[in-house]
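Every read-out reported here was derived from the displayed coordinates using simple, explicitly stated rules and does not represent laboratory data. Just so it is clear, the model here is predicted, and its values are computed rather than measured. As a convention, Cβ positions derive from the backbone with ideal geometry for all residues, glycine included, and neighbour counts pool all protein chains shown.
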Amino acid sequence: MTRPSIDWRHSLAAHGLAAHDLSRHAGTQITGLDLSQPIDEALIPTLRAACAERVVLLFRDQHDLTPRAYLAFANRFGGRPDLHSQRQYCLGEHPEIFVVGNVEENGRRIGASRVGLNWHTDHYHLPEPGLFTFLHALVVPPEAGETRYANGLAAYDALPAAAKAELDGIQVRHSRAKLFKALFPEATAEAQAAEQAKMPDVIHPLVRRHPELARDGLYLGGEWGSEIEAEPGLFDRLLDHMTDGEFVYQHHWRAGDVLMSDNRCSLHRASEWDETTELRRLHRIILIDDQRPQ
């Protein structure tokens, strides 16, 4: 569904908020908003429109944001919260919140550290994939561990007309089983088989229409679980094109940061850090879309 066009920059200013673009094609910082407090309902479509156009929004210094308030904020943007199959990495009172990182409690690992260490869009392996993703940084290393975001709309726009024509009608196969094995190498064979049975492979179009912007963009899925069977090598070429620095914003984390990203025509990738000496803990919420890519 195409939503009414919103001049989100003007609307933010009217609410007393400031917007600062962090790169040419992706990333905008919104200042003046405390996510631990109730947000004006009129502001939600504005933030949604900004995220759709800019791929990722940054809200800094959200140190007072509780898991309950964090989840309440995310739930205002539609879709439904994902409940991860690896429930041991979810918060007990709020299982919609998945812990990303290498933290432990009482001698037990409570976060998944390998999550995100490949270019992907969230939950591309589902018939109705990821809509928006939220990340709240609680503990971050002083260096490394950055997250990069790539704009698939801008990357598609930059292709020559002939290249766009060649992509028309091409499909991509997305496999949760392949992704699961890469993400959770510690999982048993039984757990891997259960994941495959629960989530069979799906097919989505390579070029999808962003329903709110009425623009076409690249929808690659993820480098650990997706393939274009009809044309070997095309996936890697498009991945290289889309993740070229021109279309990418690289985020250097600070404790208290919240990022909100649109999964529909984008990719993102976390970066490695020294897990032997530094801790990293992010709280993630993924909202699942209510429609298939078209």
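The order of the peptides 29-36, 121-128 by mean Cβ neighbours within 10 Å, most packed first, is 121-128, 29-36. Here the relative contact order of region 158-294, from alpha carbon pairs under 8 Å that lie six or more residues apart, stands at 26 percent. Put in line by how crowded their Cβ is, counting other Cβ atoms within 10 Å and starting with the fewest, Val139, Val202 read Val139, Val202. The residue among Ile110, Ser85, Gln192 whose Cα reaches farthest toward the positive pole of the charge dipole of region 8-288, with charges on the beta-carbon of Lys, Arg, Asp and Glu, is Ser85. Fewest-first ordering of Ser226, Ser113, Ser266 by other beta carbons within 10 Å of each residue's beta carbon gives Ser113, Ser226, Ser266. In this rough spin-label picture, where each label sits 7 Å from Cα along the Cβ direction, the Asp64-Ala42 distance is 2.4 nm.
If I stretch the segment between Arg109 and Arg76 completely, what's the gain in nm (0.36 nm per residue apart, minus their alpha carbon distance), one decimal?
8.8 nm
Helices in the chain, meaning DSSP H runs of at least 4 residues, each add -39500 (n - 2.57). Divided by all residues, the mean residue ellipticity at 222 nm is -6000 deg cm²/dmol.
In plain terms, the chain from Leu117 to Ala189 could stretch by 23.7 nm, reckoned as 0.36 nm per residue minus the Cα-Cα distance. Computed extension length for Ser5-Gln294: 102.0 nm, one decimal, from 0.36 nm per residue of separation with the Cα-Cα distance subtracted. Of the GluC sites (Glu not before Pro) found in region 153-199, those in coil by DSSP whose Cβ has at most 15 other Cβ atoms within 10 Å are Glu186.
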